[in-house]
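Structure first, commentary second.
What follows is calculated from the coordinates using simple rules that are stated; it is not laboratory data. None of the values given here were measured: they were computed from a predicted structure. A quick note on method: Cβ atoms are made from the backbone with ideal geometry, for glycine too, and the neighbour counts reach across all protein chains shown.
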């Protein structure tokens, strides 16, 4: 049986990509095949190099270029896509191409604190400023709008009075690192062609 091949789209440090790579390193049926980033300075590219994983740096116009992106993902025979801190909006043709096979990780309990500009510390600052008693992590399918796809799984965390955005980010990241690899594996195994 051919291994299922994952592409990770990431814009930043790549801590979640790193966890995914470690989790699937010697997996019998799933492999991280490609990292795609929209920043040539992203830390995730160093992680790709360190792990001998192919990577591609794209800009917005390449991302929205149907023939370019389709060719790139077909070249690596990508079965499943994980957005792990990817800051550009996915174009409709890719959403359709990977229907129910493209997920995003969001560092809050959607539908609250989602949408354009809601990433990284911005999200946690908004949660703390609003005096929320809990936050968490959402894994959802990707659709044509930021953070609006069907929710797959959420996990909550308490927000303490002493928490600032940085402290909350640390708590959330611990959950992300644990649940993203597990859910990626679970969702791939649920696919009918698995």
I'd like the full set of residues that are touching a helix residue (DSSP H, G or I) at 6+ places or on another chain (Cβ under 6 Å) and either crowded, with 16+ Cβ neighbours inside 10 Å or within 30 Å of residue 67 (Cβ to Cβ) (or both), limited to the stretch 97-133. 105, 107, 108, 113, 124, 125, 128
Considering only the stretch 137-151, how many residues are assigned to a strand (DSSP E or B) and in contact with a helix residue (DSSP H, G or I) (Cβ under 7 Å, 6 or more places away or on another chain)? 2
Can you tell me which residue within the stretch 170-185, out of those that are touching a residue at least 40 places away in the same chain (Cβ under 8 Å) and under 16 Å from residue 119 (Cα atoms), is nearest to the chain's Cα centre (by Cα)? 176
Taking residue 162 as meeting all but one of (1) assigned to a loop (DSSP other than H, G, I, E, B); (2) more than 14 Å from the chain's Cα centre (by Cα); (3) touching a residue at least 12 places away in the same chain (Cβ under 8 Å), write down the number of the exception. (3)
Just checking, does the stretch 38-47 include any residue being surrounded by fewer than 18 Cβ atoms within 10 Å (Cβ to Cβ), without any contact (Cβ under 8 Å) to a residue 12 or more places away in the chain and more than 24 Å from residue 13 (Cβ to Cβ)? no
Checking the structure you have, find out if any residue of the stretch 135-143 is touching a residue at least 24 places away in the same chain (Cβ under 8 Å), over 14 Å from the mean Cα position of the chain (by Cα) and exposed (fewer than 14 other Cβ atoms within 10 Å of the Cβ). no
In this structure, is residue 62 within 16 Å of residue 86 (Cβ to Cβ) and without any contact (Cβ under 8 Å) to a residue 12 or more places away in the chain? yes
